[in-house]
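Read through the structure below, which is laid out as structure tokens, and then see the notes.
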Amino acid sequence: MDDVVILRTPIGDRILDPGTTSEPTLLQAIDELPDNIARVDAFLWLARWVDASSVQAALVRLLEREDDATSLAEMIDGLESLAAIPPTLAQPIWDALRPRFEARSEHSWMRCHALRGGLLVVQNSPSLIRRLQAYILDVDAQDDGAYLRHVAKVAGVILRRYPDDDFRAVLHTLAGVEASADEAALELGLDQLRQSLVAQTQTGVSLALASAREWFERSLTSSENRPDARLYEICASVLIATQATGLDGALDRRLPELRRWAFEFSAYAAASHCATSWLSGIPQERFHWLSMASKLATLGRSFTKDIWLHANLVIEEELLAIFFVGERIFGRSDASGMNLLARNAIVTALRRRSFYVEAIDQWLVENGDSTLAPSVRQVRDAVRQTVVDGIHRHPFDEAAEVRIADLLRKSGVDAATAAMTAAQIEVAVDRNQPVAPVWQRMMDDLSECADIDRCPAKALLETMCTLMLRFLEFRASVGTATDPSSEYVFRRGSNLPVEHDLHLDFLKFLSSTDTPSIQAEARDTGGGRSDIAIAFRGLKTIVEVKKDDNVPDNKTLAQRYAGQATGYLTTGVRFGFLLVLDLTDRAGHQPHISEQISVERKKPTGSDVEYHVITARIQGKRKTPHQLR
């Protein structure tokens, strides 16, 4: 490049060392460059002396005056190739590029590359990062479509570094704009994948993965050619299948599809970025998810074999990689969600055949001094521990599931229904365990309920208590990125939610679960109209929904509203449910689930009958955890 770039002083001498040349001399030299090609060559050459203040001024001048989008892109590429951008240069470049990407009069490609440059220079400056975040949050959905598509990508890159619900809301908005829909949907899918990576429960993992796959499918339907979205959709599907059915031969059939779309995307992908760029994390992230899905599929094939002909390879290359997936594939110590998914699948698969554990034991005998031995021993011990736990917890293995189905058939249930119900029990156990202690406390408080010993009434009461707890757990845990309809509990200010918001939310939840027959706004109930009527084998109870902005505790709620709830229950069971939208401002916090639900008693005036009213409240005016102080 030295032979190409010729910068001269005012007297015609060639500039050989711009680092020692004065700023006025350099600025005059670049002002005399004949065209954009010469300006690009000069920019890339001058960047070698990027620490010199005079050179920094020249680089900024070149960026300010470049009016060709392709040339600006090459200059930004040159910046990205630097080992580091000096702090003294970051602010001037930001000031030079910001007017370029903010101005709608500029060509969309010029704005896109200027925004990419802005993303590049803010990376090591917290104050500049905040400025870029503020700009993204204020982007107008009516802006140029091609530019909005690039904004969606930049928003996704920032979201990866700084998870934030406001940025998710921006991407939700851009997902509704035709030109940017596919890019925004892809970024939202990736965000959900990351949430599945760090989820703390199996339910959290499954919800995040299902949401991720849905966003990838939306990206595909919004674009004619998104091999990246297809690849991620397949990866999410493999993870969902692993969680649902374990490591089996069906996963192996996804390998050709994974390889095909990985190859398709390698041709589609843009050029790689330098290691210091936030954009460099995108191909790394893709490789991590592809690697996990591929290894799961390969391991699924190994678990279809009666014996492992190459046991060392299976144990060292496949088993350990998945069992320690957080550290070995994602390089993270906080990947609790994927560790949970992977280890549960591996332990379940290892217990299917005693040979698998025997192969691990034999490996340990032969390789006891290996550096891998502690890890292999941890896998073996995890399997043994589940066997010990199973003695006390009666795990639902395949044999137990068969026995349950047989019992149901003997009770008069048809074979298909019996098999379906038995298959659901293990999932129900996993979902119920987090709230089981609260449920048991409620059952203790209901021990004196007049209907607790009546078989259908007891089943109705216990089922509705379970569903009420599940709803509280769901609404306490799931944010707007996974379930946009949850936004009403985060609404603050003047536009507060109303009782109807909670009413519809709970009805939607009930309709998606194994709920007894439900009817909204049921008339002729105690001479009035109940919010939600629940019927089971001829018995009926109700759920009364209310809103209150001054809630000290559940006992107070029962004193205010239990009379209306019991008014609908004068001819049937002596228990009902009160569900309240709590708009008490608790500075954005929500109480623990054990504080949100209780069993209250009510004896109506003039009656000797005592009713039990299960009282629950959904906290409104919430803030996301990162906003709490």
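A few comments on the model shown:
- Cβ-defined net charge surrounding L27, 15 Å radius [Lys, Arg +1; Asp, Glu -1]: -1
- Probe 1.4 Å, protein heavy atoms only - accessible area per residue of region 446-627 in square angstrom: 45
- Residue-level accessible surface for I37, protein heavy atoms, 1.4 Å, Å²: 110
- The alpha carbons of region 18-288 stretch over 71, 35, 34 Å along the principal axes, in descending order.
- Solvent exposure of I240, expressed as accessible area, is near 40 Å², computed with a probe of 1.4 Å over the protein chains only.
- Note on exposure: H592, H150 ranked by accessible area (1.4 Å probe, complete protein assembly) read H592, H150, with the most exposed listed first.
- For the chain, the longest principal axis of the Cα atoms and the long axis of helix 165-175 meet at an angle of about 80 degrees.
- Within region 446-627, percent of DSSP bridges classed antiparallel, to nearest 5: 55
- Remark: the Cα gyration tensor places region 1-51 in the rounded category, a/c being less than 1.5.
- Free of any GluC sites (Glu not before Pro) that DSSP assigns to a loop and that have at most 14 other C-beta atoms within 10 Å, the longest stretch within the chain is 225-447.
- Share, in percent, of DSSP beta bridges within the chain that are antiparallel, nearest 5: 55
- Within the accessible area of the chain, the carbon and sulfur atoms contribute 50%, probe 1.4 Å, all protein chains present.
- For the chain, the longest principal axis of the C-alpha atoms and the axis of helix 36-46 are separated by about 80°.
- Tilt relative to the chain, helix 415-432 - C-alpha long axis, 0 to 90 degrees, to 10: 70
- Å² of accessible area per residue within region 1-141, as computed with a 1.4 Å probe and no ligands counted: 47
- Here K546 is the anchor, and the aspartates and glutamates within straight C-alpha reach of less than 17 Å, apart from those fewer than 8 places off in the same chain, are E499, D501, D505, E521, D531, D582, D585, E600.
- Spatially proximal lysines relative to K295 (Cα-Cα < 18 Å; intrachain offsets below 8 disregarded): K305
- Inter-centroid distance (Cα atoms) of region 105-137 relative to region 28-102, Å: 15
- Only Lys, Arg (+1) and Asp, Glu (-1) charged, at Cβ; region 128-188 dipole about Cα centre in debye: 360
- Lys/Arg +1, Asp/Glu -1 at C-beta; region 18-288 dipole; positive extreme among L255, T25, S81: L255
- For the Cα trace of the chain, dividing Rg by the Kirkwood Rh returns an Rg/Rh value of 1.07.
- Dipole magnitude for the chain: computed about the Cα centre from +1 point charges on Lys and Arg Cβ and -1 point charges on Asp and Glu Cβ, it is near 1880 debye.
- Rounded, prolate or oblate (a/c below 1.5 giving rounded, otherwise prolate when a/b exceeds b/c) for region 279-339 by Cα gyration tensor: prolate
- In a simple Cβ point-charge model (Lys, Arg +1; Asp, Glu -1; nothing else charged), region 533-589 has a dipole of about 340 debye relative to its Cα centre.
- For R328, the accessible area of its heavy atoms, probed at 1.4 Å with every protein chain present, is near 110 square angstrom.
- Across region 446-627, Cα pairs under 8 Å and at least six residues apart give a relative contact order of 23 percent.
- Cross-link partners for K458 among the lysines, with Cα-Cα distance under 25 Å and sequence neighbours closer than 8 places in the same chain left out: K410, K508, K540, K555, K602, K603.
- Per residue value of the accessible surface for region 154-229 (all protein chains in place, 1.4 Å probe), Å²: 36
The values are calculated or read from the model by the stated rules, or taken from the named source; none is laboratory data. These numbers were taken from a predicted model, which means no experiment stands behind them. Every residue, glycine as well, gets a Cβ built from its backbone with ideal geometry; the counts of neighbours run over all protein chains shown. We work out accessible area using only protein heavy atoms, side chains counted, and drop any ligands, DNA or RNA first. Shrake-Rupley method; radii C 1.70, N 1.55, O 1.52, S 1.80 Å.
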